[in-house]
Amino acid sequence: MSAALPALPFARPSLDETTIAGVADVLRSGWITSGPWVRTFEERLSALCGGRPVRAVSSATAAIEIALQLCGIGPGDEVIGSAQSFFAVSNMIEKAGATPVFVDCDLVTRNIDVVGVERAVTARTKAIVPTHWPGSATDMDALLALAARHRLRVIEDAALSFGSRFGGRFGGSFGDVTTFSFHPNKNLTTIEGGAIVVNGEDEAKRVETLRFHGIERLPDGTRDVAFPGGKFNLPDVNARIGAGQLDRLDALLGRRRALAERYFERWRPGTGCLLPPRPSPGDGATWNMFCVLLPLERLTLSRAAFREAMQREGIGTGVSYEALHLTTLGRRHGGREGQFPNAERIARETVTLPLFSDMADGDVERVCETAARILAAHRR
Ligand SMILES: *Cc1c(COP(=O)(O)O)cnc(C)c1O
């Protein structure tokens with residue numbers, strides 16, 4: 001590792017002093033779990049989502065679990081999702097007692113193949129869970145039309161894309177159900193946390209019950225439980241952080257986009273890597289990660305060796321994501337090698353490069369230069 005250069009992680013949250021002071025105020029207030037800050041945070045999220053009801057929860061994983069329950073998904077049902085997504089999606093489908101059905105994704109945008117979704121629909125299909133990837137948006141018009149034709153629910157996994165616009169429309173302001181993640185690596189953070197956007201106040205009330213033990217308040221001041229809810233509420237401390245992040249949302253997203261554009265400008269030609277889709281002016285895409293595919297068959301080093309070489313130069317990288325149909329869980333549902341070539345190739349070759357809003361322009365240059373040097377030294 002070069003002694004003069006600071007270690008560069010692949011993700012890091014950006015928390016300003018106003019937010020940190022605001023958190024201290026909440027800690028001193030005597031009310032630290034779900035309360036007024038959660039309501040404020042939810043109202044502000046709802047305003048962004050065109051006034052649709054939004055409820056904050058403890059993670060996107062919880063939001064997906066609640067969304068599946070809300071949609072009445074259970075044993076005997078099939079739920080279609082992308083083979084390129086995070087484990088939370090197939091885990092929560094399985095936990096609901098339903099069967100995850102995988103579909104391949106596009107090699108460059110990584111979004112779910114809508115034609116493949118159409119082919120995967122059976123009489124048992126109840127819902128589709130598309131995952132939106134950084135840099136481009138799922139074709140929601142096509143997917144929502146398909147869902148309407150087959151009477152399916154659509155749960156958008158927008159964990160990686162909070163703040164994205166689809167043809168000018170804020171993600172979550174249209175469609176069916178949308179889930180967001182506020183994990184520290186995502187576009188906006190509450191430390192851990194997430195949110196769910198639903199259709200109307202009846203569904204919002206149901207989410208409130210599902211996120212808190214299934215408790216319903218009776219007129220006589222006692223409580224009842226009719227079904228087992230979870231414990232997925234977001235504390236006020238976390239909601240205060242989220243409100244502070246929303247104050248800076250445009251700046252945080254704008255900086256991520258500028259850094260992504262810088263990657264496209266500075267990435268060395270001739271590395272043989274496949275880059276994400278290049279942004280076009282006004283496309284509304286957000287950039288949570290910058291993932292490239294390594295040309296492994298033209299290299300004498302493995303992906304693990306490349307990542308170690310980057311780490312030795314003080315540059316952290318990630319792997320987003322493994323192919324879900326090839327996990328042990330996915331294989332129990334018939335997942336096998338060769339089934340979804342794009343998802344599998346991404347799983348083998350992808351490397352997530354550093355991208356977070358407090359990164360300096362020079363950091364991008366350093367990543368591009370270091371990667372190009374390592375790749376050039378290991379060409380076949
Ligand atoms: C991070 C992530 C999740 C889960 O988010 P948590 O808030 O950590 O539960 C779900 N889906 C995708 C695509 C993710 O990247």
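Out of 67, 11, 120, any idea which swings most in a Gaussian network model of the chain, alpha carbons joined below 10 Å? The residue that fluctuates most here is 120. On the beta carbon distance between residue 12 and residue 141, with R0 = 35 Å, the FRET formula returns roughly 0.50.
Annotation: amide H of residue 8 within the under-5 Å range of 315, 316, sequence separation 5 or more or interchain, hydrogens built in the peptide plane. Only Lys, Arg, Asp and Glu carry charge here, each on its Cβ (+1 for the first two, -1 for the last two); on that basis segment 175-278 has a dipole of about 820 debye about its Cα centre. Going by neighbour counts of Cβ atoms within 10 Å, the residues 149, 12, 39 line up, fewest first, as 149, 39, 12.
Put in order of Cβ neighbour count within 10 Å, fewest first, the listed residues 126, 186 become 126, 186.
Length gained on full extension, residue 226 to residue 373, computed as 0.36 nm times the residue gap minus the Cα-Cα distance: 46.8 nm. Share of pairwise Cα-Cα distances greater than 21 Å in segment 27-138 is 49 percent (whole percent).
When each of 122, 190, 109 is scored by the number of other beta-carbon atoms lying within 10 Å, the sequence from fewest to most is 122, 109, 190.
How far is helix 140-150 tilted, in degrees, relative to the longest principal axis of the Cα atoms in the chain, given as a value from 0 to 90 rounded to the nearest 10? Long axis of 140-150 versus the principal axis of the chain: about 50 degrees. In this simple spin-label model, placing a label point 7 Å from the Cα along the Cα-to-Cβ direction at both residue 266 and residue 283 gives a separation of 2.0 nm.
Remark: spin-label model distance residue 28-residue 122 equals 6.0 nm, labels positioned 7 Å along the Cα→Cβ axis. Comparing 170, 305, 145 along the charge dipole axis of the chain, the residue lying farthest to the positive side is 305, per the Cβ-charge model. For segment 250-377, the share of alpha carbon pairs falling in successive 5 Å distance bins from zero is 2, 10, 19, 20, 18, 14, 10, 6, 2, 0 percent. Couplings 3J(HN,Hα) for segment 61-78, derived from phi with the Karplus relation 6.51 cos²θ - 1.76 cosθ + 1.60 (θ = phi - 60°), are 4, 4, 4, 5, 4, 5, 4, 5, 5, 4, 7, x, 7, x, x, x, 8, 10 Hz, where x marks Gly and Pro. The distance between label points at residue 298 and residue 365 comes to 2.6 nm (points 7 Å beyond Cα on the Cα→Cβ vector).
Using the Cβ-Cβ distance between residue 275 and residue 332 with R0 = 56 Å, the FRET efficiency computed as 1/(1 + (r/R0)^6) comes to roughly 0.95.
Under Stokes-Einstein, with the Kirkwood radius over Cα pairs as Rh, the value for the chain at 20 °C and 1.002 mPa s is 99 µm²/s.
The numbers here are math on the coordinates, done by the rules we state, and not lab data. This structure is a prediction, so every number in the text was calculated from the model and none was measured. Please note: Cβ atoms are built from the backbone with ideal geometry, for glycine as well, and neighbour counts cover all protein chains shown.
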